[in-house]
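**Q** Next up is a structure, given as structure tokens.
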């Protein structure tokens, strides 16, 4: 219908409504991306727990598999009678890894529990050396780190979580893991020199995009190796 002022007033009204709608959507998106949020995927891909210990007992299984129905053990690992009883009772499925997996593309893994815009932007700029995986808790990130490093799938893992100390503590339950908490790229250099850290845990709350990118790049500059006396030191207790 023509407007008394001339032109089609209905198209003008529709155009105004569309502009308003777009402004509202943009404001909502900006609000939700303003701060880090805990990533809670609706559906987490099924994972297989890897046990690197040479003797697998029922108590070890209960502690490590944490509700998982499947697990893997090393080529020469021994399942004790109590472990086999537990497997039968709970209907668990296990396989033996006969050869270590080799790194074919990404060498380092970012196990991200707490994600924000700076985390995603940093990961985008790190390139093909890094792979990103979203996890639902520090415990699941620690389990993934232990499995990935023990099997040789990745040279190192960075756990990005609001609870970095918990994640590092859980990962260090495996004798193959040398995990520590870092806050700056200087911490990474120290951890690499002192203990050859192969897992680092960091809280992204106070780390900007550039600082996070620099920290992760420093971690991936060299293949983490334990100090010469690490085997002796790790047996002190």
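The values are calculated or read from the model by the stated rules, or taken from the named source; none is laboratory data. What you are looking at is a predicted structure, and each value in this text was computed from that prediction instead of being measured. FYI the Cβ positions are ideal-geometry reconstructions off the backbone, even for glycines, and counts take in every protein chain you see.
**Q** Just to be sure, is residue 164 over 18 Å from residue 225 (Cα atoms), modelled with pLDDT of 90 or more and in contact with a strand residue (DSSP E or B) (Cβ under 6 Å, 6 or more places away or on another chain)?
**A** yes
**Q** Answer with yes or no whether residue 221 is under 13 Å from residue 110 (Cβ atoms) and either outside the structural domain of residue 68 (by TED's automatic domain parsing) or part of a loop (DSSP other than H, G, I, E, B) (or both).
**A** no
**Q** Every residue in region 102-128 that is in contact with a strand residue (DSSP E or B) (Cβ under 9 Å, 6 or more places away or on another chain) and modelled with pLDDT under 85, please.
**A** 105, 106, 115, 116
**Q** Residues that are touching a helix residue (DSSP H, G or I) at 6+ places or on another chain (Cβ under 6 Å), at pLDDT below 85 and surrounded by 13 or more Cβ atoms within 10 Å (Cβ to Cβ): does region 30-45 have at least one?
**A** yes
**Q** Against the definition (under 19 Å from residue 227 (Cβ atoms), out of contact with any helix residue (DSSP H, G or I) (no Cβ under 6 Å at 6 or more places or on another chain) and surrounded by fewer than 16 Cβ atoms within 10 Å (Cβ to Cβ)), how does residue 205 come out, yes or no?
**A** For residue 205, the condition - under 19 Å from residue 227 (Cβ atoms), out of contact with any helix residue (DSSP H, G or I) (no Cβ under 6 Å at 6 or more places or on another chain) and surrounded by fewer than 16 Cβ atoms within 10 Å (Cβ to Cβ) - is not met.
**Q** Picking from 143, 165, which residue would you name as being more than 17 Å from residue 107 (Cα to Cα), within 15 Å of the chain's Cα centre (by Cα) and either surrounded by 15 or more Cβ atoms within 10 Å (Cβ to Cβ) or without any contact (Cβ under 8 Å) to a residue 12 or more places away in the chain (or both)?
**A** 143
**Q** Would you be able to say whether some residue in region 170-193 is outside the structural domain of residue 53 (by TED's automatic domain parsing), at pLDDT 95 or above and in a helix (DSSP H, G or I)?
**A** Yes, region 170-193 contains at least one residue that is outside the structural domain of residue 53 (by TED's automatic domain parsing), at pLDDT 95 or above and in a helix (DSSP H, G or I).
**Q** For region 194-218, which residues satisfy the criterion of being in a helix (DSSP H, G or I) and more than 23 Å from residue 127 (Cβ to Cβ)?
**A** Once the filter is applied, which keeps residues that are in a helix (DSSP H, G or I) and more than 23 Å from residue 127 (Cβ to Cβ), region 194-218 yields 194, 195, 205, 206.
**Q** Let me ask you something else. Among the residues of region 48-71, is any within 26 Å of residue 141 (Cβ to Cβ), part of a strand (DSSP E or B), touching a helix residue (DSSP H, G or I) at 6+ places or on another chain (Cβ under 6 Å) and at pLDDT 85 or above?
**A** Within region 48-71 (the criterion being within 26 Å of residue 141 (Cβ to Cβ), part of a strand (DSSP E or B), touching a helix residue (DSSP H, G or I) at 6+ places or on another chain (Cβ under 6 Å) and at pLDDT 85 or above), the answer is yes, since at least one residue qualifies.
**Q** Additional query: Mind listing just one residue for me: the one in region 142-154 that is part of a loop (DSSP other than H, G, I, E, B) and in contact with a strand residue (DSSP E or B) (Cβ under 6 Å, 6 or more places away or on another chain) and, of those, nearest to residue 179 (Cα to Cα)?
**A** 154
**Q** Suppose we filter region 105-130 for residues that are within 15 Å of residue 203 (Cα to Cα) and assigned to a strand (DSSP E or B); how many remain?
**A** Adding up the residues that qualify gives 5.
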